[in-house]
Amino acid sequence: MLYNTPMKNIVILISGRGSNMEAIVAAAKSQQWPARIAAVISNRADAEGLVFALQHDIPVAVVASKQYASREQFDAALQVQIDHFSPDLIVLAGFMRILTSAFVQHYSGRMINIHPSLLPNFTGLHTHRQALQAGVSEHGATVHLVTPELDHGPVLGQIRVPVLPLDTEETLAERVLVQEHLLYPQIIRQIVHGELSLSQ
Ligand code: GRF
């Protein structure tokens, strides 16, 4: 019933490598989601992921955070860029910014993030280091709705990986990332098909 399924506009925000963005783009295409990646937007002009997006004919935009005097001004400019693409869903994929409450409220119920830990454990940065230092036997990643408090929104899905005796920050990060690339597209697929609701 393709004619019955409204296409959803997805805007992906990145700051760097963009491997989760790549996984989402690939899944959207191969699984023929009723959605288009309307844009990839970065806060850094040198984000590697922009190259992949351009190569795949996805509109890209850069809102360079360093050009704004305040967090509020940057978020306002970013909001204008995002809204230009009429987004149904905003996907934070390695977007390394703390967001203002006003920005988060504007996208309430339609902005999601992936965080490389089993939330509520290990919020913030260096999550793999935090996990090793805490001596946990299991680590992972979480997709959650974005709410004003950093890394605290309602959990939409998690993956778990074992922590191995010889793990370093790098080996653990690698193992988690492989799973992130499965988890994030899986959650977004459910959202665009209306199988997972973001209303709280
Ligand atoms: C991922 O580990 C993600 O969970 C975290 O930042 C990393 C981004 O990687 N938020 P990439 O840019 O998607 O490759």
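Structural remarks
- Every test in (1) open to solvent by 20 Å² or more (accessible area, probe 1.4 Å); (2) assigned to a strand (DSSP E or B); (3) aliphatic (A, V, I, L, M); (4) within 13 Å of the ligand (Cβ to nearest atom) is passed by Ile37 save one, and that test is (4).
- Sole exception among (1) in contact (Cβ under 8 Å) with a residue 60 or more places away in the chain; (2) closer than 19 Å to Ile191 by Cα; (3) out of contact with any Phe, Trp or Tyr (no Cβ under 7 Å at 6 or more places or on another chain); (4) of a type outside the set (Phe, Trp, Tyr) for Ile90, by number: (3)
- Restricting attention to region 140-157, the residues that are open to solvent by 60 Å² or more (accessible area, probe 1.4 Å) and either free of Cβ contacts under 8 Å to residues at least 24 places away in the same chain or touching a helix residue (DSSP H, G or I) at 6+ places or on another chain (Cβ under 9 Å) (or both) total 2.
- Restricting region 98-154 to residues that are touching a strand residue (DSSP E or B) at 6+ places or on another chain (Cβ under 7 Å) and among the acidic types (Asp, Glu), the residue that is farthest from the ligand (Cβ to nearest atom) is Glu138.
- Positions within region 92-139 being open to solvent by 40 Å² or more (accessible area, probe 1.4 Å), under 16 Å from Phe74 (Cα atoms) and assigned to a loop (DSSP other than H, G, I, E, B), in sequence order: Met96, Arg97, Ile98
- Here Pro165 passes the criteria (1) open to solvent by 30 Å² or more (accessible area, probe 1.4 Å); (2) out of contact with any helix residue (DSSP H, G or I) (no Cβ under 8 Å at 6 or more places or on another chain); (3) in contact (Cβ under 8 Å) with a residue 12 or more places away in the chain except the one numbered (3).
- Which numbered condition Arg160 fails, given (1) out of contact with any strand residue (DSSP E or B) (no Cβ under 7 Å at 6 or more places or on another chain); (2) surrounded by fewer than 14 Cβ atoms within 10 Å (Cβ to Cβ): (1)
- Cross-chain or 6+ apart pairs with Cβ under 6 Å, region 65-77 first and at pLDDT 95 or above, then outside any helix (DSSP H, G or I): Arg71/Thr100; Glu72/Thr100; Phe74/Tyr68; Asp75/Thr100; Ala77/Val63
- Region 3-28, subset hydroxyl-bearing (Ser, Thr, Tyr) and modelled with pLDDT of 95 or more, residue nearest to the ligand (Cβ to nearest atom): Ser19
- Scanning region 55-91 for residues that are assigned to a loop (DSSP other than H, G, I, E, B) and within 16 Å of the ligand (Cβ to nearest atom) returns His56, Ile58.
- Filtered residues of region 79-91 (kept if of a type outside the set (A, V, I, L, M, F, W, C) and either surrounded by 14 or more Cβ atoms within 10 Å (Cβ to Cβ) or more than 24 Å from Asp46 (Cα to Cα) (or both)): Gln79, Gln81, His84, Ser86, Pro87, Asp88
The values are calculated or read from the model by the stated rules, or taken from the named source; none is laboratory data. Given the structure is predicted, the values throughout are model-derived calculations rather than measurements. Here the Cβ is made from the backbone with ideal geometry for all residues, glycine too, and neighbour counts use every protein chain on show. Ligands, DNA and RNA are stripped out before the accessible areas are found, and what is left, the full protein with its side chains, is counted by its heavy atoms. Shrake-Rupley method; radii C 1.70, N 1.55, O 1.52, S 1.80 Å.
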